[in-house]
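Colleague: My structure is below; once you've seen it, I'll send some questions.
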Amino acid sequence: MWLLLMKIAGEEIYIPDTNALVEGIVSKLIEEGRVRGTIIIHGASIAELEYYASRDRVVGYAGLEEIMKIRGYALNGYVKLEFSGETPRNIVFNDNNGIFVSDRLVREYAYRIGAVLITTSKIQKMIAESLGVRTLYVEPTIIEGSILDRFFDNETMSVHLKENTVPVVKKGFPGRWVYEKLGSKPLSRREIESIANTLIEEARSRSDGFIEIDRAGSTIIQLGLYRVVITRPPLSDGWEITVVKPLRKLKLEDYGLPRELLDRLTNRAEGILVAGAPGMGKTTFAQALAEYYLKMGKIVKTIESPRDMILPDEITQYSKHYADIGELHDILLLSRPDYTVFDEMRSDEDFKLYADLRLAGIGMIGVVHATSPIDAIQRFIGRVELGMIPSLIDTVIFIKNGYVDKVYSVEMTVKLPTGLKEAELSRPVIEIRDYLTGELEYEIYTFGEQTVVVPIKKRRRRREEVSVDEKVIKEIMRFIPEAELHSEEGCIVVSLRKDQLRKYNRVVKKLKKIEDKYNIQIRVNIVE
């Protein structure tokens, strides 16, 4: 250490903090010629980067990559590189008050040896200068554009990069897409890691970029319109980067909704579920609905993870990752928005938060994965009391291939469930109706200890088919009482012997009238 304090005339000593290493600032300063002399990497920074890298956190890899770049410049004679500063055992990098301990250790060391502190943190700069520490503050550069732009055109929905495989893009529209290869050369692990590090740097440098989630084995980044998911071993069998970008931003008017549905969304709907299979356009529709309510003068907020909706600044977007459910609950109850969009509801806690906010009087728009409209409602069964469902959900909008495919209304009534005959079996029944036609399609009720979801439309259709067949058979029996009749695959089969054909020929016109009356086919079968 004492050798470091004896500076060569004109030579400066620089100590970057962990932020500067993670941001990749030091190597850029060397490239620009702004830093020459000796660079000291403090032991606390090394320990912090090692800690994060050992847990597969991207910040750890980014900082260690920067140290390797600095060593490369040192080997070429641009700077001298030293490692110094003791690291306390069992160091905690972020204490109970949220103070970064490594920043304090690096700052104090720079003060002791009279070095220049390199940082990208405004707080670190202010504290260091107040203590008399010379500081080289570099404000993060705002990057325009992204390395991802070269992968996307107007028809590209997503890009899939994985080590040892050829890059693949998904092109088309929801419900109609194809996969195309980009070139023929597989990407190496080194190339994938380089792309990942560049994306992390972009997220830290762009005003519209942020690292949403950084776990051991996975990182989720939002870069403007791009949602980036990075996975690496041991979570995945190799490094992989998946990038999704919305093809277009729609307004509610672009969906061509019936006036009845628009009136319901405007005046009545306050517990809305937007459902659909992955990639069908649920979030795009929910985004359009949020802007629609904003234009009506409503206060709108969102809960997302990741925050990938593209919305006006007037709509506050909360991250489910950076706050627990209790904190979001308190914030939304105290701020009382008119509507809250809850994107990607998955866990029991998500549904509980949706229920609490809706019962508190906040209009809710929940986005859920479902392969059919009724599946979206069934996700609430078992999570909340059955009788609460109509209070939580009044409208279900099912999105398929980017369009509104089905709309359900949800209401509670007390009646005898369809198909039961005993009057004493009357009970509370949730009716699921096609909102545009008013037709009853499902009933949900408890039977004993079981909750049953009964498809009414199919049952009614089967019952009507049976009754029509019975009516036709009765009418035919009036004309040909000796014939054998039965229904078969949507038609009535009349079985006659050869000696009965003469009588059949006399009533052919009557049978034709019966066919036209009931819109059913009558087929004659001659038997020996």
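The values are calculated or read from the model by the stated rules, or taken from the named source; none is laboratory data. This one's a predicted model, so the numbers in the text were calculated from it and none came from an experiment. Ideal geometry is used to build each Cβ from the backbone, glycine not excepted, and the neighbour counts take in all protein chains shown.
Colleague: Cβ-Cβ under 7 Å, sequence separation 6+ or interchain: first residue in the stretch 375-398 and on the phi < 0 side of the Ramachandran plot, partner in a strand (DSSP E or B) and of a type in the set (S, T, N, Q). Which pairs?
Modeller: Ile381/Thr451; Leu386/Thr446; Leu386/Thr451; Asp394/Ser409; Thr395/Ser409
Colleague: Let me ask something else about it. Please go through the stretch 175-192 and give me each residue that is surrounded by fewer than 19 Cβ atoms within 10 Å (Cβ to Cβ) and within 25 Å of the chain's Cα centre (by Cα), ordered by number.
Modeller: Gly175, Arg176, Trp177, Val178, Tyr179, Glu180
Colleague: Would you mind telling me which numbered condition in (1) over 18 Å from His329 (Cβ atoms); (2) within 16 Å of the chain's Cα centre (by Cα) Ser372 fails?
Modeller: It fails just one condition, (2).
Colleague: Looking at Leu333, is it at pLDDT below 90 and farther than 28 Å from Asp263 by Cβ?
Modeller: no
Colleague: Out of contact with any Pro (no Cβ under 6 Å at 6 or more places or on another chain), in the same structural domain as Leu261 (by TED's automatic domain parsing) and modelled with pLDDT of 90 or more: which single residue out of Leu425, Leu440, Leu416 fits that description?
Modeller: Being out of contact with any Pro (no Cβ under 6 Å at 6 or more places or on another chain), in the same structural domain as Leu261 (by TED's automatic domain parsing) and modelled with pLDDT of 90 or more holds for just one of Leu425, Leu440, Leu416, which is Leu440.
Colleague: Does Val493 satisfy being at pLDDT 75 or above, within 30 Å of Arg427 (Cα to Cα), out of contact with any helix residue (DSSP H, G or I) (no Cβ under 6 Å at 6 or more places or on another chain) and not assigned by TED's automatic domain parsing to the domain that holds Asp375?
Modeller: Here the answer is no, as Val493 does not meet what is asked.
Colleague: Restricting to the stretch 331-356, count the residues that are over 20 Å from Ile389 (Cβ atoms) and free of Cβ contacts under 8 Å to residues at least 24 places away in the same chain.
Modeller: Going through the stretch 331-356 one residue at a time, the tally reaches 2.
Colleague: Output the residues belonging to the stretch 205-260 that are among the acidic types (Asp, Glu), in a strand (DSSP E or B) and at pLDDT below 85.
Modeller: Passing the criteria: Glu212, Asp214.
Colleague: Looking at (1) modelled with pLDDT of 90 or more; (2) surrounded by 14 or more Cβ atoms within 10 Å (Cβ to Cβ); (3) part of a loop (DSSP other than H, G, I, E, B), can you tell me which one Ala275 breaks?
Modeller: Answer for Ala275: the failing condition is (3).
Colleague: Count, please, the residues in the stretch 512-527 that happen to be touching a residue at least 24 places away in the same chain (Cβ under 8 Å) and not in a loop (DSSP other than H, G, I, E, B).
Modeller: Number of matching residues: 9.
Colleague: How about the stretch 158-204: which of its residues are under 21 Å from Ser236 (Cα atoms) and part of a helix (DSSP H, G or I)?
Modeller: If the condition is that a residue be under 21 Å from Ser236 (Cα atoms) and part of a helix (DSSP H, G or I), then Arg189, Arg190, Glu191, Ile192, Glu193, Ser194, Ile195, Ala196, Asn197, Thr198, Leu199, Ile200 are the ones that fit.
Colleague: May I pose another question? If I ask for residues that are modelled with pLDDT under 90 and either surrounded by fewer than 16 Cβ atoms within 10 Å (Cβ to Cβ) or of a type in the set (Lys, Arg) (or both), which ones from the stretch 102-132 would you list?
Modeller: The answer is Arg104, Lys122, Ile123.
Colleague: Now a separate question. Being of a type outside the set (Gly, Ala, Ser) and either outside the structural domain of Ile272 (by TED's automatic domain parsing) or surrounded by fewer than 19 Cβ atoms within 10 Å (Cβ to Cβ) (or both) narrows it down to one of Ile299, Ile365, Ile303, Ile374, so name that one.
Modeller: Ile299
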